[in-house]
Amino acid sequence: DFRHFWEGWDFSVLNEKSAAVVTNRDFSVLQSRWNKTTCGDTALVMKRIAARPNEFCQPIRNLKPGHTYSVRLITGDYRHFLDGVSEEKRHGIAVTLDGVEVIPEKSFVSVHRQHPTVKVRGFSRKHPYWWNTHRIVFRATDSEARLTISDWQDGKPLGPIGEETAINFVQVQEYLDD
């Protein structure tokens, strides 16, 4: 969540016209967070531009070399959220980790529908909102690594120019291996 806005994030590559931290009380409801809460109501929204990628980074500290961790986050199509429409699709963002050994066979992007228990922005059990859950599992090789989230990869946009992606619930936690 971006409750503290940009605190702790390096957003030097972001453009003030193409990214913003927004707060909307319906985010947490559509994420099916229990009880009424403001946790999850604040998200970073990136609007893809043709000139260059939106990119923001954060160091991950206090890792134990050899231990396994996961990075998880959720994304949603922000324009669809505002307009009360949604479609099943994978959102165009890249999550990269520097200074670690990524374990691809345990990493995934899940496209899933989420419907609130009450009607929100036109979304319901019969008309769900589609989120993506991103999980990257990695083994620490040092005590610090770098997490980068971008809407481009390998010098190319990961979706249509003008598309707006909301990013929320970024977390790192220890991952228990089999």
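Taken together, the values in this text are just the output of simple stated rules run on the coordinates, not laboratory data. What you see is a predicted model; the values in this text were computed from it and never measured. Neighbour counts run over all protein chains shown; Cβ positions are idealised from the backbone, glycine included.
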(Q) Less than 27 Å apart at the alpha-carbon level, and either on another chain or at least 8 residues along: which lysines does that give for LYS17? (A) LYS47, LYS89, LYS156
Q: Report the label-to-label distance for THR96 and LYS64 in nanometres (one decimal), using points 7 Å from each Cα along the Cα→Cβ vector.
A: 3.0
Q: Convert each backbone phi in the stretch 96-109 into a coupling constant with the Karplus relation 6.51 cos²θ - 1.76 cosθ + 1.60 (shift: θ = phi - 60°), then list the ³J(HN,Hα) values in order as whole Hz, x for Gly and Pro.
A: 10, 10, 9, x, 9, 9, 6, 10, x, 5, 10, 9, 6, 10
(Q) Could you sort the peptides 152-160, 55-63 by per-residue average Cβ neighbour count (10 Å cutoff), highest mean leading? (A) 55-63, 152-160
